[in-house]
1. Looking at segment 284-298 only, could you name the residues that are closer than 14 Å to residue 273 by Cα and either under 27 Å from the mean Cα position of the chain (by Cα) or not hydrophobic (A, V, I, L, M, F, W, C) (or both)?
2. Quickly run through segment 171-188 and pick out the residues that are buried (at least 16 other Cβ atoms within 10 Å of the Cβ) and closer than 29 Å to residue 266 by Cβ.
3. Filter segment 152-210 for residues that are among the polar types (S, T, N, Q), within 24 Å of the chain's Cα centre (by Cα) and not in a helix (DSSP H, G or I) and give the result.
4. Quick check on this structure: which one of 347, 360 is over 20 Å from the mean Cα position of the chain (by Cα) and free of Cβ contacts under 8 Å to residues at least 24 places away in the same chain?
5. Any residue that is touching a residue at least 12 places away in the same chain (Cβ under 8 Å), over 25 Å from residue 94 (Cα atoms), hydroxyl-bearing (Ser, Thr, Tyr) and touching a His at 6+ places or on another chain (Cβ under 8 Å) - is there at least one of those in segment 257-267?
6. Starting from segment 73-87, take each residue that is over 17 Å from residue 202 (Cβ atoms) and list its partners that are of a type in the set (Gly, Ala, Ser), counting only C-beta distances under 6 angstrom and pairs at least six apart or across chains.
7. Just a yes or no: is a residue in segment 89-98 of a type in the set (Gly, Ala, Ser), farther than 15 Å from residue 289 by Cβ and either loosely packed, with under 11 Cβ neighbours inside 10 Å or touching a Lys or Arg at 6+ places or on another chain (Cβ under 6 Å) (or both)?
8. For residues that are without any contact (Cβ under 8 Å) to a residue 24 or more places away in the chain and over 17 Å from the mean Cα position of the chain (by Cα), scanning just segment 119-146, find the one that is farthest from residue 366 (Cα to Cα).
Amino acid sequence: MTQHHRELPEPADRPPSVQQIGDPGRASYLVTGYAEAREALLDPTLSKNTGVFFAGQPSTRDVHPAISRSMLATDPPEHTRLRRLVVGAFSTGTVQTLRPRIEQLTLELLDRFPEGQPVDLVRELAVPLPVAVICEMLDVPAADRAYLAGLSAQLFASGRPEVNDRASHELAGYMDALVEGRRARLGDDLLSRLIQAQDGDGQQLSHFELTSLACLLLVAGHETTTHAIGNALLELLQRPDVLTRLRANASQIPEAVDELLRLGSPVALTTFRWSTEPIVLGGQDIPAGRPVLVALGAANRDQAAYPDPDRLDLDRGAQAHLAFGHGIHRCLGAPLARAEVEIVLAELITRFTDLRLAVEPADLHWQKTRLVRGLVSLPVLLGARAHPIG
């Protein structure tokens, strides 16, 4: 059964669950507690429409509107309309039909691994698999996928706003042209279906909305999954006993994925929300008009919700983790991401039975970015294959 923090005594050394950052008149608020994070993610008075919040404020940034005003930065009813038009593409049933193709792509990547040599599981597996999956769904030409993955990574480059902004324009320009070309050559891909989709009033998505959705689907469709795969593999590689247990009991992998996502949350912080009215959260007074950030990774390690939170416990029951968020903005692609992580774990640990880190964990490098938590690389020694190639 999933543990819930209200059923447990409050730890004496638990840090404040909502922290004020900065001077009171200009403060932002960081939510780190599990219960408070769930509450914030459900609170309709915390708006995601940052375009309204930042309107009229001076800025030196030049982010393309297709990126800055995506579905992530909308509230109901606009958000409801946009999400309804695309949610079916990532339903559990739809993802189930994609699993054979995901398995095939995973095996093709594993077949390329050289025996007896270190392999970077981020570069050779965690990046190309999710990119291939979402690009096939959108019918993006194979020759362009590495380029688009690079632009996506540049959007998250911390401390380099000029790189972020330039990448946003390049990505939006590419997707704008892709949408325009697809109108003239409709197929059975996700982008074609979005072009033809209608809401309950018979209205179709505008060209801007299609471009923005295409950008969001490409970036969110692989960035989170890439880090989820890398983080999960790192956690397992540091625990050979758990690897052995999963190798012998593959049916436990789906439940293990929940605990791995909790422990290695790929999204560190949500994008901005802002308080449209004064609220009290976790005992903290938050005035109207202030930015609020939810730290999903910290909430998933809140000891009030998960005793001994830094321990990997396959029997914990972590299905209520917040790695994909919560509420109306919960990650659309969560079922797809879960499927990819499950398939990678199952195929990798059964094909290679002597997986080991090629470096010390302390020598690994992490992405320098505020929003996501992921490895730059994950060098691994594979040992001999348990199964032949093919």
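The values are calculated or read from the model by the stated rules, or taken from the named source; none is laboratory data. Owing to the predicted nature of the structure, the values given are computational and were not obtained by experimental measurement. Cβ atoms come from the backbone with ideal geometry, glycine included; neighbour counts cover every protein chain shown.
1. Once the filter is applied, which keeps residues that are closer than 14 Å to residue 273 by Cα and either under 27 Å from the mean Cα position of the chain (by Cα) or not hydrophobic (A, V, I, L, M, F, W, C) (or both), segment 284-298 yields 287, 289, 290, 291, 292, 293, 294, 295, 296.
2. 171, 172, 174, 175, 176, 178, 179
3. 158
4. Answer to the check: 360.
5. Here is the first cut: in segment 257-267, the ones touching a residue at least 12 places away in the same chain (Cβ under 8 Å) are 257-267.
Adding the requirement that they be over 25 Å from residue 94 (Cα atoms) leaves 263-264.
Next, from what is left, pick out any that are hydroxyl-bearing (Ser, Thr, Tyr): none.
Within segment 257-267, none of the residues are touching a residue at least 12 places away in the same chain (Cβ under 8 Å), over 25 Å from residue 94 (Cα atoms), hydroxyl-bearing (Ser, Thr, Tyr) and touching a His at 6+ places or on another chain (Cβ under 8 Å).
6. Qualifying pairs under 6 Å: 75/47.
7. Yes, segment 89-98 contains a residue that is of a type in the set (Gly, Ala, Ser), farther than 15 Å from residue 289 by Cβ and either loosely packed, with under 11 Cβ neighbours inside 10 Å or touching a Lys or Arg at 6+ places or on another chain (Cβ under 6 Å) (or both).
8. Within segment 119-146, the match that is farthest from residue 366 (Cα to Cα) is 141.
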